Amino acid sequence: MGFLVNGQWEPVWYDTETTQGEFKRLEPVFRNWITTDGQAGPTGTAGFKAEANRYHLYISLACPWAHRTMIMRQIKGLEAFISVSVVNAYMNDAEGWTFHEGAGVVEDNVNHKTLLHEIYTLAEPNFTGVVSVPLLWDKKLKTAVNNESSEIIRMLNSAFDHLGAKAGDYYPASLRTEIDEINEFVYQTINNGVYRAGFATKQAPYERAVTKLFAALDVCEARLSKQRFLVGNQLTEADIRLFTTLVRFDAVYYGHFKCNLKRLVDYPNLFNYLLDIYQHQGIAQTVDLEYSKAHYYGSHDTINPTGIIPLGPIQDFNQVHNRNRFDKNG
Ligand SMILES: N[C@@H](CCC(=O)N[C@@H](CS)C(=O)NCC(=O)O)C(=O)O
């Protein structure tokens, strides 16, 4: 990992830890919104109008936050509107995310850089902060739009509808309060919970994170025994956000991040829910668990110094599931 300080790359494990050994996530900084008419969104400045072929996403196939944006791009049919670059699976201390040749890499055909931090400094020469994916880039103004996935998926959900995006509202007005509540719960305990467990450097914060994580999985398991999706009776962004952690759970978080009270496959409803979403049109092709394992097991020297990538687990996400049974009664 690394950190930009006044535009200079510091090849260090940046300060995500307090003295208590607890993982702290740093705030993203680019917070502009693509909107239908180019007006400013809830945060940031105006000037980012939805237009065909104007925007670009920098992602990693391993990253659950970037994965949200790839799913939304896919299910909204935005491939022609938003191009994509994929970083190398390995994030090394000396360079951070790179576009060096490797499995899954799609080089930077927009800014022609080899390191992601060079793109951050194109947008902001004195940029200070964490250099993360996803990063949404404006090819026209040659600057960063946004690097907060929860906001990027909201833009993709609706800003391109008038230009021919696929139908589907994954953040419908009538369900927003409930979606927001579930998102907050899932973020604190599950999405970020696995990181809090995995990046803890002391026993107590690790145990706290794992205990909360599995209590939250139990809550979701109970909820999903009664309904097909987390909120209402349709796929929403809440499901997409939970899915990107669940799909990595047994392959990565169970072992590498020591989230091993149970495997996901041990939860009948959660596992079936995972299969249901995985088999939703277009989603399977956004999942790359070999790349994901290579990233996590290969990049975190402090957690896995040998860098050995486990062969297993053997999983089949194409197997038959029974979630359609909820369609009759919501
Ligand atoms: N809040 C961000 C978090 C993104 C994030 O943490 N991405 C990780 C990859 S999973 C990253 O790029 N980290 C860079 C680093 O740790 O140096 C979002 O949701 O978009």
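For the stretch 173-299, what percent of Cα pairs sit more than 25 Å apart?
Values: 1778 of 8001 pairs.
When all Cα pairs of the stretch 173-299 are counted, 22 percent exceed 25 Å.
Which chymotrypsin sites (Phe, Trp or Tyr not before Pro) in the stretch 143-185 sit in a loop by DSSP (not H, G, I, E or B) and have at most 13 other Cβ atoms within 10 Å of their own Cβ? Show your work: numbers first, answer last.
Details: sites: 160, 170, 185; in loops: 160, 170.
For chymotrypsin sites (Phe, Trp or Tyr not before Pro) across the stretch 143-185 that sit outside H, G, I, E and B with at most 13 neighbouring Cβ atoms in 10 Å, the list is empty.
Where both partners of a DSSP beta bridge lie in the chain, what percent of those bridges are antiparallel, to the nearest 5? Write out the running numbers ahead of the final one.
Numbers: 16 of 22 bridges.
Counting only bridges with both partners in the chain, antiparallel ones make up about 75 percent.
Measure up 113/142; 113/140; 49/76; 24/166; 76/226 against 25 Å on the Cα-Cα distance and list the ones that go over. Working shown, then result.
Values: 113/142 13 Å; 113/140 17 Å; 49/76 17 Å; 24/166 37 Å; 76/226 28 Å.
Violating the 25 Å Cα-Cα cut-off are 24/166; 76/226.
Exactly which trypsin sites (Lys or Arg not before Pro) in the stretch 139-213 are in a DSSP loop and have at most 11 other Cβ atoms within 10 Å?
Those satisfying the criteria are 142.
In the neighborhood of residue 197, defined by Cβ-to-Cβ distances under 10 Å, what is the net charge if each Lys or Arg adds +1 and each Asp or Glu adds -1?
+3
Convert each backbone phi in the stretch 130-141 into a coupling constant with the Karplus relation 6.51 cos²θ - 1.76 cosθ + 1.60 (shift: θ = phi - 60°), then list the ³J(HN,Hα) values in order as whole Hz, x for Gly and Pro.
7, 9, 10, 9, x, 10, 9, 10, 9, 6, 6, 8
Using Stokes-Einstein with the Kirkwood hydrodynamic radius over Cα pairs, what translational diffusion coefficient do you get for the chain at 4 °C and a viscosity of 1.567 mPa s, in µm²/s rounded to a whole number? Mind dumping the intermediate values first?
Numbers: Rh = 20.4 Å.
In µm²/s, the coefficient rounds to 64.
On full extension of the chain, what length is gained from residue 185 through residue 112, given 0.36 nm per residue of separation minus the C-alpha to C-alpha distance?
Values: separation 73, 0.36 × 73 = 26.28 nm, distance 3.91 nm.
Separation in residues times 0.36 nm, less the Cα-Cα distance, equals 22.4 nm.
At a threshold of 8 angstrom on Cα-Cα distance, excluding pairs fewer than six apart, so keeping six or more, what relative contact order does the stretch 171-320 reach in percent? Don't skip to the answer; put the middle values down first.
Details: 146 pairs, mean separation 32.4, N = 150.
Reported as a whole number, the value is 22 percent.
Given labels modelled 7 Å from the Cα in the Cβ direction, how far is it in nm from residue 223 to residue 43?
2.3
Out of every Cα-Cα pair in the stretch 2-163, what percent are more than 30 Å apart?
Tail of P(r) above 30 Å: 13 percent of Cα pairs.
Between residue 302 and residue 234, what length comes free when the chain is fully extended (0.36 nm per residue of separation minus the Cα-Cα distance, one decimal in nm)?
Value of the extension gain: 20.4 nm.
Report, by chain and number, residues whose modeled amide H sits under 5 Å from the one on residue 50, excluding near sequence neighbours (fewer than 5 apart, same chain).
Placed amide hydrogens put 35, 36, 37, 38 under 5 Å from residue 50.
For Cα pairs less than 8 Å apart in space and 6+ apart in sequence, what is the mean separation divided by the residue count of the chain, i.e. the relative contact order in percent? Walk me through the intermediate numbers first.
Details: 603 pairs, mean separation 62.0, N = 330.
Relative CO of the chain lands at 19 percent.
Out of residues 5 or more away from residue 145 or on other chains, whose amide H comes under 5 Å of its own, with H placed 1.01 Å from N in the peptide plane?
Sorted by chain and number, the residues that satisfy this are 136, 137, 138.
Could you name the aspartates and glutamates in cross-link range of residue 202, using Cα to Cα under 17 Å and dropping any fewer than eight places away on the same chain?
Filter leaves 15, 17, 22, 301.
What full-extension length gain, to one decimal in nm, is calculated for residue 169 and residue 281 as 0.36 nm per residue of separation minus the Cα-Cα distance?
Working: separation 112, 0.36 × 112 = 40.32 nm, distance 1.52 nm.
Length gained between residue 169 and residue 281: 38.8 nm.
Give the relative contact order (percent, whole number) for the stretch 110-208; include only Cα pairs under 8 Å separated by 6+ residues.
Values: 52 pairs, mean separation 11.5, N = 99.
Answer for the stretch 110-208 is 12 percent.
Rule-based calculations on the coordinates, nothing more; no lab input. Just so you know, these numbers come straight off a predicted model, no measurement behind them. Virtual Cβ from ideal backbone geometry, glycine too; neighbours counted across all protein chains shown.
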